[in-house]
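The values are calculated or read from the model by the stated rules, or taken from the named source; none is laboratory data. Just so it is clear, the structure is predicted and the values come from calculations on it, not from any experiment. Neighbour counts run over all protein chains shown; Cβ positions are idealised from the backbone, glycine included.
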Amino acid sequence: MTRDELLSRYAAGERDFRRVNLRGVDLSEAILTEANLAGACLARASLVRVNLTEANLTGANLFRANLTKATLFYANLSYANLSGANLYEASLVGTILYEGDATKVKVALPLLATPSSPVWGQPRPPDALSCSRVVNGWLRTGYATGDGDGGER
């Protein structure tokens, strides 16, 4: 599927994009809130500044995807392959990251919790990522530091 086809169908009200192939597609700055991308292939896709608030990405393949500054508020990334993905400054508040593969994932200074926060857009302290923790390359429920060292706080 191409970027134009996906965004056209989304604009028409469609939200079910399960198992679509978007490998290497540039979706930068797209707004895909509440989209169902379960099992979708987004490997090597450019998702810079994409808004995936409340999206379902269960089992999605995000291998080496660029999610720099992406908004993933309350998105479900359970069982997703995030191996080699770039999540630099991605907003992960409320994101479900249960049992996903986070081998070599890049994470640093996610943004603040909510848009209503008085300092929205300012970097969070590295120990503020509270949606998951990385253990031996796998995301688990719990806590992680912003440097991805897997230590609990």
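Observations
- Just so you know, in region 14-50 the residues that are out of contact with any Lys or Arg (no Cβ under 7 Å at 6 or more places or on another chain), of a type in the set (S, T, N, Q) and part of a strand (DSSP E or B) include one that is nearest to ALA60 (Cα to Cα), and it is ASN21.
- Condition broken by ARG9, with the remaining ones in (1) out of contact with any Phe, Trp or Tyr (no Cβ under 7 Å at 6 or more places or on another chain); (2) in a loop (DSSP other than H, G, I, E, B) satisfied: (2)
- Remark: GLU5 falls outside the filter, which requires a residue to be within 19 Å of ALA90 (Cα to Cα), exposed (fewer than 15 other Cβ atoms within 10 Å of the Cβ) and of a type in the set (Asp, Glu).
Yes/no per residue for (1) among the aliphatic types (A, V, I, L, M); (2) at pLDDT below 95; (3) under 11 Å from the mean Cα position of the chain (by Cα):
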residue: ASP4; (1), (2), (3): no, no, no
residue: ARG9; (1), (2), (3): no, no, no
residue: ILE31; (1), (2), (3): yes, no, no
residue: LEU52; (1), (2), (3): yes, no, yes
residue: ALA102; (1), (2), (3): yes, yes, no
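- Among the residues making up region 1-51, those that are at negative phi and small (Gly, Ala, Ser) are SER8, ALA11, ALA12, SER28, ALA30, ALA35, ALA38, ALA40, ALA43, ALA45, SER46.
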